[in-house]
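The values are calculated or read from the model by the stated rules, or taken from the named source; none is laboratory data. Everything numeric here is computed off the predicted structure, so don't read it as measured data. FYI the Cβ positions are ideal-geometry reconstructions off the backbone, even for glycines, and counts take in every protein chain you see.
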Amino acid sequence: MNKRKEQVKDIWLYRHFIHMCKKHPWTFNTPIRHIEKLFLQHHQTLKKGAYFDIVMSRIGVTPEHELSYYRNELLSDKLLKDTFLRGSDYNKDLKFEKIYNKLFIKENYIANYYALIRETKPKIVIETGTADGCLTSWILSAMHRNNLGKLLSIDIPPQKGKLTMTTSLSINNVGHLIPQAYRDRWEYHEGDAKVLLPKLLIENDVDIFIHDSMHTRTHMLFEYNCARALMRPNTIIISHDILWNKAFFSFTASHNLKGLSCISGPNLGLTINKFEPYEEEIGLGVVKIT
Ligand SMILES: C[S@@+](CC[C@H](N)C(=O)[O-])C[C@H]1O[C@@H](n2cnc3c(N)ncnc32)[C@H](O)[C@@H]1O
């Protein structure tokens, strides 16, 4: 396909993307040329069905299985299903059966929170924002199957009306959707990500970072930049709710990274922590004085 045709295809995707973003007014309040620049240069919204393969090829991994294999694996996880369907015992405000039926078939969620973990077999993953633990439980289910890995979760227990949360949970019920059998790979850290994230990133060699805590521009940029500065090259940064503001797009643009999301769920973004050779030569991470 020649370059012009490729651009037209991207503009079609971009139009579709804008259509999907109706709920997120910043896209409409931002000059079109600025959005075009963000989407066409630093972000790629991938067609349905292509997301997983393209993410895998950017990471440099030839997948052992197709995404449909992992969808079936996830759907056949009876422990996970049973724990989900009992979720209302802990949180009466959410309809877990509805969440199960909707979420467990979504391409971009299965790709980022399950198939990616199964294929890349990370040793350490950090997530910010756990609450009920919908997606936390998927990561742990994948690690359980891999028989490898540890998930470090940083979370302030949600309180209705605070930090954009609509439900409350006590500290003991954070992550109630994680089956008991998968908890040996889980380490919960209660507290503000502003304090705990840099600490844990320095103390651990983290393969994947996932943001799903406070979705203000300042906080998102803080978390992305911590991950960027404190993780090895070629590690993975994933973010939920990238359409709440321009933080993810500004982050990828300012570091000359490519953001990826799937057209069927453009609110979930991924980027690979790549560096220019000169940055690697000068040095990355924390400088240790001996
Ligand atoms: C959107 S919920 C997370 C949903 C979760 N990932 C899931 O899949 O079920 C956001 C969580 O982040 C917590 N949170 C908000 N600001 C935070 C901060 N600064 N540090 C740590 N956690 C925070 C909220 O209290 C809430 O528990």
Applying the selection to segment 97-120, what residues are within 22 Å of Arg145 (Cβ to Cβ), over 15 Å from the mean Cα position of the chain (by Cα) and modelled with pLDDT under 95?
Ile99, Tyr100, Phe104, Ile105
Filtering segment 215-250 down to residues that are touching a Lys or Arg at 6+ places or on another chain (Cβ under 9 Å), modelled with pLDDT under 95 and of a type in the set (A, V, I, L, M, F, W, C), which residue is nearest to Pro277 (Cα to Cα)?
Ala247
Look through Arg232, Arg183 and report the one residue that is away from the ligand (no atom under 15 Å from the Cβ), among the basic types (Lys, Arg), surrounded by fewer than 19 Cβ atoms within 10 Å (Cβ to Cβ) and not in a helix (DSSP H, G or I).
Arg232
Going by the conditions given, is Ser137 crowded, with 23+ Cβ neighbours inside 10 Å and either in a loop (DSSP other than H, G, I, E, B) or not hydrophobic (A, V, I, L, M, F, W, C) (or both)?
yes
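Conditions (1) more than 30 Å from Gly60 (Cβ to Cβ); (2) in contact (Cβ under 8 Å) with a residue 60 or more places away in the chain; (3) within 12 Å of the ligand (Cβ to nearest atom); (4) surrounded by 15 or more Cβ atoms within 10 Å (Cβ to Cβ), marked per residue:
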| position | (1), (2), (3), (4) |
| --- | --- |
| Leu79 | yes, yes, no, yes |
| Lys92 | yes, no, no, no |
| Glu97 | yes, no, no, no |
| Phe104 | no, no, no, yes |
| Glu127 | no, yes, yes, yes |
| Leu151 | no, no, yes, yes |
| Gln159 | yes, no, yes, no |
| Val174 | yes, no, yes, yes |
